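Colleague: Mind having a look at this structure? Questions to follow.
The values are calculated or read from the model by the stated rules, or taken from the named source; none is laboratory data. It should be emphasised that the depicted structure is a prediction, and the values quoted were computed from it without experimental measurement. Here the Cβ positions follow ideal geometry from the backbone for every residue, glycine too, while neighbour counts run over all protein chains shown.
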Amino acid sequence: MARAASELVGTAALVAVGPVSGAHFNPAVTLAEWWTARRDGAGVTVRETAVYVPSQIVGAIAGAVLADAMFGEPLVKWSTHDRSAENLLLGEVVATAGLILLIFGLARTDRLRFAPVAVASYIGAAYWFTSSTSFANPAVTIGRAFTDTFAGIAPASVPAFIGAQLAGVVIGLALVAVIFMRGKAATGAPTA
């Protein structure tokens, strides 16, 4: 039930700010968009990326502190939840690659209007099907270091988790390039 509520809030947030910023909550997605659109200028610019990424990190930290305040926890208490095991890092690669594949697959097939529900549903499901509980977001990873709750991550585990997420971005974009080759998905012909 708690996961379902979280995903509904995620959907609402994506719908609310999507028209303003493209719903850029995730540095992995922002960097992937910048990388894929850098040649034709259709995506986020370097300047926008330089504003979005720090803002995403500050927002995630503020969110963790706010959640702790709402539940009567110390406002900032470094997490002691070790997440350095290789199986957890693999889970983050899978979670992030899948998220990138989903978002950019929707974009390549002109179905981004489904992104809020699809992304929230994916994150909710990936919580259960990945060993890492699907952070899939470097900003969230940093934010969760500020809370010593079950959702936290020890600061020493953060760099490897972010590295796994960035590897997931590369793998996800490679999968998008193979599965949704330009011209292939646009024909209207089935791609599978």
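Colleague: Which residues, taken from region 63-74, are in contact (Cβ under 8 Å) with a residue 60 or more places away in the chain and in a helix (DSSP H, G or I)?
Modeller: The answer is Gly63, Ala64, Val65, Ala67, Asp68.
Colleague: Let me ask something additional. Here is a check on your reading of the model: is Gly91 within 20 Å of the chain's Cα centre (by Cα), surrounded by 14 or more Cβ atoms within 10 Å (Cβ to Cβ), of a type in the set (Gly, Ala, Ser) and more than 21 Å from Ile179 (Cβ to Cβ)? Let's see the steps before the verdict.
Modeller: Working: within 20 Å of the chain's Cα centre (by Cα): yes; surrounded by 14 or more Cβ atoms within 10 Å (Cβ to Cβ): yes; of a type in the set (Gly, Ala, Ser): yes; more than 21 Å from Ile179 (Cβ to Cβ): yes.
In short, yes.
Colleague: Examine region 158-179 for a residue that is in a loop (DSSP other than H, G, I, E, B) and either over 16 Å from the mean Cα position of the chain (by Cα) or within 16 Å of Ala95 (Cβ to Cβ) (or both), and state whether such a residue exists.
Modeller: Within region 158-179, none of the residues are in a loop (DSSP other than H, G, I, E, B) and either over 16 Å from the mean Cα position of the chain (by Cα) or within 16 Å of Ala95 (Cβ to Cβ) (or both).
Colleague: So which of Ala97, Ala126 ends up being in a helix (DSSP H, G or I) and free of Cβ contacts under 8 Å to residues at least 40 places away in the same chain?
Modeller: Working: Ala97 fails: free of Cβ contacts under 8 Å to residues at least 40 places away in the same chain.
Of the residues listed, the single one that is in a helix (DSSP H, G or I) and free of Cβ contacts under 8 Å to residues at least 40 places away in the same chain is Ala126.
Results for (1) at pLDDT 95 or above; (2) surrounded by 15 or more Cβ atoms within 10 Å (Cβ to Cβ); (3) within 24 Å of Gly98 (Cβ to Cβ), shown as yes or no for each residue.
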| position | (1), (2), (3) |
| --- | --- |
| Ala2 | no, no, yes |
| Ala13 | no, no, yes |
| Val17 | no, no, yes |
| Ala23 | no, yes, yes |
| Thr36 | no, yes, yes |
| Gly43 | no, yes, yes |
| Ser55 | yes, yes, no |
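Colleague: In addition: Might you check whether a residue that is surrounded by 15 or more Cβ atoms within 10 Å (Cβ to Cβ), out of contact with any strand residue (DSSP E or B) (no Cβ under 9 Å at 6 or more places or on another chain) and at pLDDT below 95 occurs anywhere in region 164-183?
Modeller: Keep residues of region 164-183 that are surrounded by 15 or more Cβ atoms within 10 Å (Cβ to Cβ), which gives 164-173, 175-176, 179-180.
The next check asks that each one be out of contact with any strand residue (DSSP E or B) (no Cβ under 9 Å at 6 or more places or on another chain); those that pass are 164-173, 175-176, 179-180.
Add one more test, that the residue is at pLDDT below 95, and what stays is 180.
Yes; the residues of region 164-183 include at least one that is surrounded by 15 or more Cβ atoms within 10 Å (Cβ to Cβ), out of contact with any strand residue (DSSP E or B) (no Cβ under 9 Å at 6 or more places or on another chain) and at pLDDT below 95.
Colleague: While we're on this one: Being surrounded by fewer than 20 Cβ atoms within 10 Å (Cβ to Cβ) and of a type in the set (S, T, N, Q) narrows it down to one of Thr109, Thr130, Thr96, so name that one. Before the answer, list the steps.
Modeller: Details: Thr130 fails: surrounded by fewer than 20 Cβ atoms within 10 Å (Cβ to Cβ); Thr96 fails: surrounded by fewer than 20 Cβ atoms within 10 Å (Cβ to Cβ).
Sole residue among the options that is surrounded by fewer than 20 Cβ atoms within 10 Å (Cβ to Cβ) and of a type in the set (S, T, N, Q): Thr109.
Colleague: Right, something else. Does Ala42 count as out of contact with any His (no Cβ under 9 Å at 6 or more places or on another chain) and in a helix (DSSP H, G or I)?
Modeller: On the way: out of contact with any His (no Cβ under 9 Å at 6 or more places or on another chain): yes; in a helix (DSSP H, G or I): no.
Judged against the criteria, Ala42 is not a match.
Colleague: Quick one: Arg83 ticks every box in (1) assigned to a loop (DSSP other than H, G, I, E, B); (2) surrounded by fewer than 18 Cβ atoms within 10 Å (Cβ to Cβ) except a single one, so which number is it?
Modeller: (2)
Colleague: Checking Thr109 against (1) touching a Leu at 6+ places or on another chain (Cβ under 9 Å); (2) closer than 20 Å to Phe180 by Cβ: exactly one of these is not met. Which one?
Modeller: The one condition Thr109 does not meet is (1).
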